[in-house]
1. Specify the residue that is surrounded by the fewest Cβ atoms within 10 Å (Cβ to Cβ); the eligible residues are those in region 24-50 that are of a type in the set (A, V, I, L, M, F, W, C) and within 16 Å of Lys63 (Cα to Cα).
2. Which of the numbered conditions does Tyr312 fail, given that it passes all the others? Conditions: (1) in a helix (DSSP H, G or I); (2) within 14 Å of the ligand (Cβ to nearest atom).
3. Does Arg186 qualify as being more than 26 Å from Gly41 (Cβ to Cβ), open to solvent by 30 Å² or more (accessible area, probe 1.4 Å) and touching a residue at least 24 places away in the same chain (Cβ under 8 Å)?
4. If you go through region 1-20 one residue at a time, how many are more than 12 Å from the ligand (Cβ to nearest atom) and open to solvent by 20 Å² or more (accessible area, probe 1.4 Å)?
5. Right, Ala147: part of a helix (DSSP H, G or I) and within 13 Å of the ligand (Cβ to nearest atom) or not?
6. Looking at this structure, is Thr273 more than 16 Å from the ligand (Cβ to nearest atom) and closer than 28 Å to Val43 by Cα?
7. Being hydrophobic (A, V, I, L, M, F, W, C), more than 28 Å from Val292 (Cβ to Cβ) and at pLDDT 95 or above narrows it down to one residue among Val176, Val192; which is it?
8. Report, by residue number, each residue of region 121-143 that is part of a loop (DSSP other than H, G, I, E, B), polar (S, T, N, Q) and surrounded by fewer than 14 Cβ atoms within 10 Å (Cβ to Cβ).
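The values are calculated or read from the model by the stated rules, or taken from the named source; none is laboratory data. Everything quoted here is computed from the prediction, not taken from an experiment. Virtual Cβ from ideal backbone geometry, glycine too; neighbours counted across all protein chains shown. Accessible surface is based on the protein model in full, side chains and every heavy atom, while ligands, DNA and RNA are left aside. Shrake-Rupley method; radii C 1.70, N 1.55, O 1.52, S 1.80 Å.
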Amino acid sequence: MNEVYDVTIIGGGPSGLYSAFYSGLRNLKTKLIESQSVLGGKVNLYPDKILWDVGGLTPITGKKFLSNCITQGLTFHPTVCLNTEVSQITKIAGIFDIRASNGDHHYTKAVILAYGSGIITPNKLAVDGAEQFERTNLHYIPNSLHAFRNKQVFLSGGGNTAIEQANELLAIANGVTLACRSNELRAHEHIVESFRNNGGTLLLETQIRAFRSNRQGEIEAVSLSVGGEDRTVAVDAVIVNHGFASKQAIAFGETLGLQFNDSNFIEGSPDSTIGYPGIFAAGDAIAYTGKVNLLVGTFQDAVNAVNSVKQYLNPTAEKHAMVSSHNEAFVEKNKQFSL
Ligand SMILES: Cc1cc2nc3c(=O)[nH]c(=O)nc-3n(C[C@H](O)[C@H](O)[C@H](O)COP(=O)(O)OP(=O)(O)OC[C@H]3O[C@@H](n4cnc5c(N)ncnc54)[C@H](O)[C@@H]3O)c2cc1C
């Protein structure tokens with residue numbers, strides 16, 4: 001822990017992973033810190049979605065895209081700390097002291113803030129004893145919808161993403177019941193129609209009262225109030241899609257003087273500088289005129305952030321790295337690819 005790194009990247013989403021790759025390319029001793037137990041950031045929220053708008057890639061699932069990002073991010077073997085929530089950054093005697101909520105300190109000469117919209121957690125269900133079923137068949141962020149093939153699925157939620165998820169499930173599940181607390185869905189009319197037309201069961205003004213479990217500790221039925229009347233629905237699995245809460249967990253010492261916009265993103269510049277020497281930002285965390293909040297935007301930010309770190313640490317260093325096709329860093333690695 002006392003080792004001092006050249007750069008520590010906070011956040012293991014697409015911008016943090018690409019920063020880790022690029023800082024390896026620039027020969028920087030790199031640490032990557034991520035609060036979750038897995039790398040990948042927000043893309044973990046849409047593993048089965050098909051991405052069409054990442055330059056140079058033909059349509060690819062979120063999961064496959066992430067797997068590629070992770071492989072690339074680990075190319076130069078950065079130190080990776082998972083389950084580590086950064087809570088504070090201060091600077092002492094020229095070195096940044098990054099404190100984690102578990103009390104650990106991480107020391108570094110420069111920092112890249114790649115924390116996106118902060119730590120994202122799904123809004124949980126307020127039903128007695130619901131937590132115990134998270135180990136079995138109550139899901140907030142399913143790893144893959146394919147796990148619900150041939151099952152009776154009960155889905156709670158009323159927004160666009162919940163109904164899109166319900167529509168995708170209709171194609172593979174035995175049956176899908178979509179329950180919403182209000183008397184109308186907050187979603188585009190055409191996807192609601194699609195759900196109805198393809199055999200989905202829609203329950204409005206519906207509250208989950210309780211779960212009944214079987215001997216394996218799985219939910220086998222959901223007790224509901226539907227428009228004030230009691231009803232019970234037999235299920236194989238329950239998905240709750242009630243949106244997400246995000247928390248920006250880092251306390252920046254006042255001396256760092258960082259500025260945040262109305263949406264709590266850091267005010268910065270396209271070169272990733274944010275007004276304090278040695279701290280840079282990339283990806284969704286940073287806002288500037290012309291900023292693109294897309295995956296492709298995270299890559300450009302990451303390159304700029306790493307190049308800024310390099311120059312901060314060594315003002316005589318090249319401003320930009322050599323392109324990968326002609327970069328010595330890949331001479332040995334290239335031998336595994338035959339022409
Ligand atoms: C539903 C949805 C669909 C999308 N679809 C597309 C699409 O089709 N095409 C496209 O280009 N873009 C899409 N996006 C946008 C894209 O996902 C984001 O632009 C991208 O994920 C931003 O990457 P990032 O690394 O900057 O942030 P994030 O992906 O948010 O990653 C930030 C990481 O930092 C971690 N972190 C936060 N705070 C701390 C802390 N204090 N300590 C340690 N770690 C911390 C978080 O846990 C997270 O893993 C979509 C976004 C959503 C939500």
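1. To start, the set of residues in region 24-50 that are of a type in the set (A, V, I, L, M, F, W, C) comprises 25, 28, 32-33, 38-39, 43, 45, 50.
Filter once more, so that each one left must be within 16 Å of Lys63 (Cα to Cα): 38-39, 43, 45, 50.
On the way: Val38: 13, Leu39: 24, Val43: 20, Leu45: 14, Ile50: 11.
The extreme case among them is Ile50.
2. Unmet condition: (2).
3. Working: more than 26 Å from Gly41 (Cβ to Cβ): no; open to solvent by 30 Å² or more (accessible area, probe 1.4 Å): yes; touching a residue at least 24 places away in the same chain (Cβ under 8 Å): yes.
Spelling it out, it is not the case that Arg186 is more than 26 Å from Gly41 (Cβ to Cβ), open to solvent by 30 Å² or more (accessible area, probe 1.4 Å) and touching a residue at least 24 places away in the same chain (Cβ under 8 Å).
4. Restricting attention to region 1-20, the residues satisfying the condition of being more than 12 Å from the ligand (Cβ to nearest atom) are 1-7.
From the residues that got through so far, the ones that are open to solvent by 20 Å² or more (accessible area, probe 1.4 Å) too are 1-4, 6.
Adding up the residues that qualify gives 5.
5. Details: part of a helix (DSSP H, G or I): yes; within 13 Å of the ligand (Cβ to nearest atom): no.
Answer is no for this residue.
6. Numbers: more than 16 Å from the ligand (Cβ to nearest atom): yes; closer than 28 Å to Val43 by Cα: yes.
Yes: the conditions hold for Thr273.
7. Working: Val192 fails: at pLDDT 95 or above.
Only one candidate passes the filter, namely Val176.
8. Pass one, region 121-143, residues part of a loop (DSSP other than H, G, I, E, B): 123-129, 136-137, 140-143.
So of that shortlist, the ones also polar (S, T, N, Q) come out as 123, 136-137, 143.
Hits for region 121-143 are Asn123, Asn143.
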